[in-house]
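One structure below.
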Protein chains: 2
Amino acid sequence: METPQIPAPLDVPAAIAARRSTKDFNSQGIDPELLQRILDLTTEAPSSWNLQPWRIVVVDDDATKEKLHQACFQQRQLLEAAVTLVFAVDVEAWQQDMAPIIDQAQTVGAWPPSYCESARQAIPGGQNALSKMGRLREYAIKDAMIAATHCVLAATSFGLQSTYMNGWQEEAVKQVIGAAGRDEIAIAVVIVLGYSDQVVSHPGRVPQRNTVFQGRLPEAGS
Amino acid sequence: METPQIPAPLDVPAAIAARRSTKDFNSQGIDPELLQRILDLTTEAPSSWNLQPWRIVVVDDDATKEKLHQACFQQRQLLEAAVTLVFAVDVEAWQQDMAPIIDQAQTVGAWPPSYCESARQAIPGGQNALSKMGRLREYAIKDAMIAATHCVLAATSFGLQSTYMNGWQEEAVKQVIGAAGRDEIAIAVVIVLGYSDQVVSHPGRVPQRNTVFQGRLPEAGS
């Protein structure tokens, strides 16, 4: 079989315009080299303190797809899409990950020594403060959403279709990916990727007067 | 004054490679036409049920910048960057926004009538379930993070520098944007945008064996 060429990527505005949440996929698979390129662009995402809390599970075998399908209210795109990526997060991993990440940033000269020194104090201080506020999960998920958006826009730039999915039962998804009962693992989002023959219409957006404001928000109820 | 031309945008992989969290900005302003283009690409982001819960506050006046600077632990990029965007969310707005969004999607033919009918039931059902689980805020913030990532990658594609900022006191930021005491408003992220003469080094990423997995997560502690 001839290896399909990876197409030249779309620019950012064109990728944003081309992206539509897609439910109907055809049977074309994703070239492994292209999938790896998309994963590389995904993990290039920035994160709080560069802690990279995302744990991305690649699902492309039929048995796991079927289990995910059940965990996601039997939405059919889980069975049809070539690949599903489960964006999980490990909200406690920063405790192990912090030191090597700081060391690396110092070694390559990206963070000055003084900044590295302050980070060694500030990261535990900040994370413990988030923990007390019950926000560790939220902050890890925020980072994972940046990575997921990198993933979707990169995939779109190479001609793939996708959907961000929130329709799943968290404990069931965790069980499928081998994280049943692990409180430190949370699910941020599930993304299906593949090729589609469907032309999806744009559902529109509300006027920006409802969502973009100069200097301050309008009063409640205005 | 001659209007600077908006440059041709970078492709998605190039924009991801070019993006570096930047703290030093020069005094060059952002062309209003370019800023509007970036905001248009930002609000093109998808969201759960297309509910678009983001409420984006554009801050470019010195008085408000100074107040934000105070609310963000006096980080200097708040004063130096040409524009700061506060990505807030309204976690209750879906109650008002749902009907016009469904009507619009049906009018343009993006959602079939049967899907619109089910959405009228499923959105309140889903949102009330999230509310019971204490997750309404998390889900609105997830949508806002997709929009914020659109914003940063679009801005990067046009030659701007940026930083996603989590270092702020939520109630103080809410006060600055006129949302003091409003429980339905949450802050997702603050983004500074501008031009920079700084060359920021890449701090590196952990190996993908730590963050990307085939089929399932490794055991805890492995």
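The values are calculated or read from the model by the stated rules, or taken from the named source; none is laboratory data. For clarity, every value in this text was computed on a predicted model and none was experimentally measured. Here the Cβ positions follow ideal geometry from the backbone for every residue, glycine too, while neighbour counts run over all protein chains shown.
Here segment A:1-44 is the region considered, the condition is being farther than 24 Å from A:Leu78 by Cβ and of a type in the set (A, V, I, L, M), and the residue that is modelled with the lowest pLDDT is A:Met1.
Considering only residues that are in contact with a strand residue (DSSP E or B) (Cβ under 9 Å, 6 or more places away or on another chain) and either among the β-branched types (Val, Ile, Thr) or surrounded by fewer than 15 Cβ atoms within 10 Å (Cβ to Cβ) (or both), which ones fall in segment A:28-47? Please lay out each step first, then the result.
Within segment A:28-47, the first condition is being in contact with a strand residue (DSSP E or B) (Cβ under 9 Å, 6 or more places away or on another chain), and the residues that meet it are A:28-30, A:35, A:38-39, A:42-43, A:45-47.
Passing the criteria: A:Gln28, A:Gly29, A:Ile30, A:Ile38, A:Thr42, A:Thr43.
If the condition is being of a type in the set (Lys, Arg) and under 24 Å from A:Gln198 (Cα atoms), then segment A:6-64 contributes A:Arg19, A:Arg20, A:Lys23. For segment A:79-129, the set of residues classified as free of Cβ contacts under 8 Å to residues at least 40 places away in the same chain and polar (S, T, N, Q) consists of A:Gln95, A:Gln96, A:Gln104, A:Gln106, A:Thr107, A:Ser114, A:Ser118, A:Gln121, A:Gln127, A:Asn128, listed by residue number.
Looking at segment A:17-37 only, could you name the residues that are assigned to a helix (DSSP H, G or I) and either in contact with a His (Cβ under 6 Å, 6 or more places away or on another chain) or polar (S, T, N, Q) (or both)? So that I can check it myself, show each step before the final result.
We begin by selecting, within segment A:17-37, every residue assigned to a helix (DSSP H, G or I); these are A:17-18, A:32-37.
Matches in segment A:17-37: A:Gln36 only.
Summed over segment A:188-222, residues that are of a type in the set (A, V, I, L, M, F, W, C), modelled with pLDDT of 95 or more and closer than 18 Å to B:Gln175 by Cα total 3.
Would a scan of segment B:201-210 turn up a residue that is polar (S, T, N, Q) and surrounded by fewer than 16 Cβ atoms within 10 Å (Cβ to Cβ)? Yes, segment B:201-210 has at least one match.
Which residue, of B:Ala122, B:Ala105, is of a type in the set (A, V, I, L, M, F, W, C), loosely packed, with under 15 Cβ neighbours inside 10 Å and part of a helix (DSSP H, G or I)? After ruling out the rest, the residue left standing is B:Ala122. Here A:Ala8 qualifies as within 9 Å of chain B (Cβ to nearest Cβ) and loosely packed, with under 15 Cβ neighbours inside 10 Å. Answer yes or no as to whether A:Ala14 is among the hydrophobic types (A, V, I, L, M, F, W, C), surrounded by fewer than 23 Cβ atoms within 10 Å (Cβ to Cβ), part of a helix (DSSP H, G or I) and more than 10 Å from chain B (Cβ to nearest Cβ). Judged against the criteria, A:Ala14 is not a match.
Taking the numbered list (1) of a type in the set (Val, Ile, Thr); (2) at the interface with chain B (Cβ under 9 Å from one of its Cβ atoms); (3) buried (at least 22 other Cβ atoms within 10 Å of the Cβ); (4) part of a strand (DSSP E or B) in turn, A:Val58 passes all entries but (3).
Scan segment B:68-82 for residues that are assigned to a helix (DSSP H, G or I), surrounded by fewer than 18 Cβ atoms within 10 Å (Cβ to Cβ) and out of contact with any Asp or Glu (no Cβ under 9 Å at 6 or more places or on another chain) and jot them down. If you could, list the steps in order and put the result at the bottom.
Restricting attention to segment B:68-82, the residues satisfying the condition of being assigned to a helix (DSSP H, G or I) are B:68-71, B:77-80.
Filter again for surrounded by fewer than 18 Cβ atoms within 10 Å (Cβ to Cβ), leaving B:70, B:79.
Passing the criteria: only B:Gln70.
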